[in-house]
Amino acid sequence: MNRWPIRALIAIILLSAVVAGLMAYAYFIEPNRLVVREAELPIVGLDPAHDGLKIVMISDIHGGSNNVTFEKLRQVTALANEQDADLIVLLGDYISETSGLRPAQDESLRMAVSDIADGLTGLHAKLGVFAVLGNHDGWFGDQRIAPELERAGIRVLQNEVAVVERKGRPLRILGFKDHLQLSRTWLETSADAKKLLEPTGDGDIIVLEHSPDIFPVITGEMSISPKLKLVLAGHTHGGQIWLPLVGRPIVPSTFGQKYAYGHIRENDVDMFVTSGVGTSILPFRFMVPPEIAVVTLRSR
């Protein structure tokens, strides 16, 4: 009697069970987690007054996506506040649509914008709470989302600079509109862009931008102030899925996995990309749990 067909059938059954188990984990368990990722970033030329500056990063909430409930947002808020940060920054994509139709309508959102803002109410940090908007927010309407965040006590920066002070020294926070709403032409030719990218005056500069794809533009192709020290971004979700040998097979970036997650340094400027809280397109996370990133800057 030939045992190979039986062995092949058993192997197929076992493999199917493993795959089903991993998918169940990626759908039911990992999106339900919320971890705090801590990192120390050595920044060349950072003003010594900003050594030890602690920043909490929250990105890609996608309210109403897999396991991102109102209660989850309250958990995010409480956990962020527990970090006793100097700054809390939110990096865009607050909403989640029920379909791919754009522009989105109120009834097409998985969670109302007002509920998302209510879930984030109470965020506080020593030097303030700042936000930029993402591509999903732009499709729905920045002008409909920004006022709700402002109502929740969050300052929204749309091609604006905010100045805070630590130990008597200024720190400039430059918040960009999402890269999908920023044309390369505007960045290269606009007088407003030049004011932002080459700001006069004193103080190191931290850029907040939803997508890391802006990084090579503002650090390599354009003349920019040497005071630019750090870019903080989200958008990629860390790929949502990480596989051994393969890495992150799907990353919403022109640059593939290059800027998918973590600490990157190019052209003497540092960037940190967080994997965010929610999910988009696919409701799965595997080896890339929802996170609040906490980065501490070190002068060197």
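Taken over region 180-214, the residue count meeting the criterion of being farther than 26 Å from residue 86 by Cβ, out of contact with any strand residue (DSSP E or B) (no Cβ under 9 Å at 6 or more places or on another chain) and not hydrophobic (A, V, I, L, M, F, W, C) is 9. Answer yes or no as to whether residue 24 is part of a helix (DSSP H, G or I), without any contact (Cβ under 8 Å) to a residue 12 or more places away in the chain and either of a type in the set (A, V, I, L, M, F, W, C) or open to solvent by 30 Å² or more (accessible area, probe 1.4 Å) (or both). Yes, satisfied. Being farther than 18 Å from residue 187 by Cβ and either surrounded by 14 or more Cβ atoms within 10 Å (Cβ to Cβ) or touching an Asp or Glu at 6+ places or on another chain (Cβ under 6 Å) (or both) is not true of residue 233. Among the residues of region 157-201, just one is of a type in the set (Val, Ile, Thr), surrounded by fewer than 19 Cβ atoms within 10 Å (Cβ to Cβ) and under 21 Å from the mean Cα position of the chain (by Cα), namely 161.
Kindly state which strands (runs of 3 or more DSSP E) lie completely within region 30-124 and contain at least 1 residues that are open to solvent by 30 Å² or more (accessible area, probe 1.4 Å) and either touching a strand residue (DSSP E or B) at 6+ places or on another chain (Cβ under 7 Å) or at pLDDT below 95 (or both).
Numbers: elements: 35-43, 54-58, 87-90.
Answer list for region 30-124: 35-43, 54-58.
Among the residues of region 138-182, just one is closer than 19 Å to residue 114 by Cβ, among the basic types (Lys, Arg) and touching a Gly at 6+ places or on another chain (Cβ under 9 Å), namely 155. Within region 273-300, the set of residues being at positive phi and open to solvent by less than 10 Å² (accessible area, probe 1.4 Å) comprises 276 only.
The set of residues in region 70-97 being small (Gly, Ala, Ser) and farther than 14 Å from residue 208 by Cβ consists of 78, 80, 85, 96.
The values are calculated or read from the model by the stated rules, or taken from the named source; none is laboratory data. Owing to the predicted nature of the structure, the values given are computational and were not obtained by experimental measurement. Note: ideal-geometry Cβ built from the backbone for every residue, glycine included; neighbour counts use all protein chains shown. Ligands, DNA and RNA are stripped out before the accessible areas are found, and what is left, the full protein with its side chains, is counted by its heavy atoms. Shrake-Rupley method; radii C 1.70, N 1.55, O 1.52, S 1.80 Å.
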